[in-house]
1. For segment 207-249, give me each residue that is touching an Asp or Glu at 6+ places or on another chain (Cβ under 8 Å) and over 18 Å from Ala197 (Cα atoms).
2. Could you please find all residues in segment 22-50 being more than 10 Å from the ligand (Cβ to nearest atom) and closer than 23 Å to Pro125 by Cβ?
3. Does Arg130 qualify as being buried (at least 18 other Cβ atoms within 10 Å of the Cβ), among the charged types (D, E, K, R) and more than 20 Å from Thr214 (Cβ to Cβ)?
4. Which residue out of Tyr39, Tyr67 is touching a Phe, Trp or Tyr at 6+ places or on another chain (Cβ under 7 Å), modelled with pLDDT of 95 or more and not charged (D, E, K, R)?
5. Only residues that are surrounded by fewer than 16 Cβ atoms within 10 Å (Cβ to Cβ) and part of a strand (DSSP E or B): list them for segment 164-183, please.
6. Quick check on segment 105-143: of everything there that is of a type in the set (Ser, Thr, Tyr) and modelled with pLDDT under 95, which residue is farthest from Ser204 (Cα to Cα)?
7. Would it be correct to say that Ala174 is more than 25 Å from Arg235 (Cα to Cα), within 14 Å of the ligand (Cβ to nearest atom), at pLDDT 95 or above and in contact with a helix residue (DSSP H, G or I) (Cβ under 7 Å, 6 or more places away or on another chain)?
Amino acid sequence: MHITVVGGTGLIGSRVVNRLRDHGAEVRIASLRTGVDAYSGRGLADSFAGSQMVVDATNMNRPSYDYEQAVDFFETCTQNILAAEQQAGVQHHVGLSVIGGERIDSNYFRGKALQERLVRSSATPHTLLRTTVLYEFLPRLVDHAATTHLVRLPPVRVQPVAAEDVVAEVTRLALGAPLNGSFEIAGPEVHFLDELARQVLAASGDRRMVLPDTTAYYLGARLEPDADCLLPSWRPTEQSFKDWLYTRP
Ligand SMILES: NC(=O)c1ccc[n+]([C@@H]2O[C@H](COP(=O)([O-])OP(=O)(O)OC[C@H]3O[C@@H](n4cnc5c(N)ncnc54)[C@H](OP(=O)(O)O)[C@@H]3O)[C@@H](O)[C@H]2O)c1
């Protein structure tokens, strides 16, 4: 199978490329570094030619990108990618998204929600995977929120997940038939974001202090301290099978 991974040099995309190759797929990488610009559309047609499927793992990773531009970035890149897929006859689009897109008021999350709507309304069959924040992304998040002595982050609950688990799921979805739906993936534990930041810094001997700050931003969003908008919409229920078995009348 021929697959193009847009954003195939990124945190998730590069790992997806390796995993798909391990499964015997012929994978092409499309990113700024390989001369493909999803924002201007440059190089998309060539990189999709002959591909049966496309994984879109594009993200705003350049220092020149500003979260204020996220709606325009995701709208324009996604429209260009979907149009190029139509022309190339791509049969399956797999997109990566965020948990909380529809519930969080910020340009980044609005951009991701709009991206999902564009994918759903495209004629190309699709599968969308929404994920919580990755363990591997946390150091970047901490850096972003850090000043010389202090890291200010909102004390919100998150359920982070390992890149390896997300990549395994993207690969499984990419190698399967399009499901024309959205799915969610999250790690096994709920933590407070500021507490995780403290652990990230301590693990690398960084002595900067982490301050829980309800006015601090998370990817450009202001979040209430008790907000659960970054958690998956499903929750495991409390009653185990054994509880049910031995307590029923
Ligand atoms: N990381 C997380 O914790 C997380 C959590 C939830 C959802 N997601 C979603 O997962 C996806 C991937 O995120 P990530 O963290 O893996 O991203 P990332 O590490 O920031 O990588 C971004 C990728 O996008 C490429 N790119 C940027 N601008 C481009 C453009 N104009 N044209 C073509 N390629 C472009 C980059 O290419 P170059 O390397 O060539 O610049 C790079 O390959 C995103 O949709 C994100 O919303 C991520």
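1. Pro232, Ser233, Trp234
2. Scanning segment 22-50 gives His23, Gly24, Ala25, Glu26, Val27, Arg28, Ala45, Asp46, Phe48, Ala49, Gly50.
3. Details: buried (at least 18 other Cβ atoms within 10 Å of the Cβ): yes; among the charged types (D, E, K, R): yes; more than 20 Å from Thr214 (Cβ to Cβ): yes.
Considered against the rule, which asks whether it is buried (at least 18 other Cβ atoms within 10 Å of the Cβ), among the charged types (D, E, K, R) and more than 20 Å from Thr214 (Cβ to Cβ), Arg130 comes out as yes.
4. Criteria check complete, one pass: Tyr39.
5. The answer is Phe183, and nothing else.
6. Within segment 105-143, the match that is farthest from Ser204 (Cα to Cα) is Ser106.
7. yes
The values are calculated or read from the model by the stated rules, or taken from the named source; none is laboratory data. Nothing here was measured: the structure is a model prediction, and the numbers come from that model. Don't worry about glycine lacking a Cβ; one is built from the backbone with ideal geometry, like all the others, and counts go over all protein chains shown.
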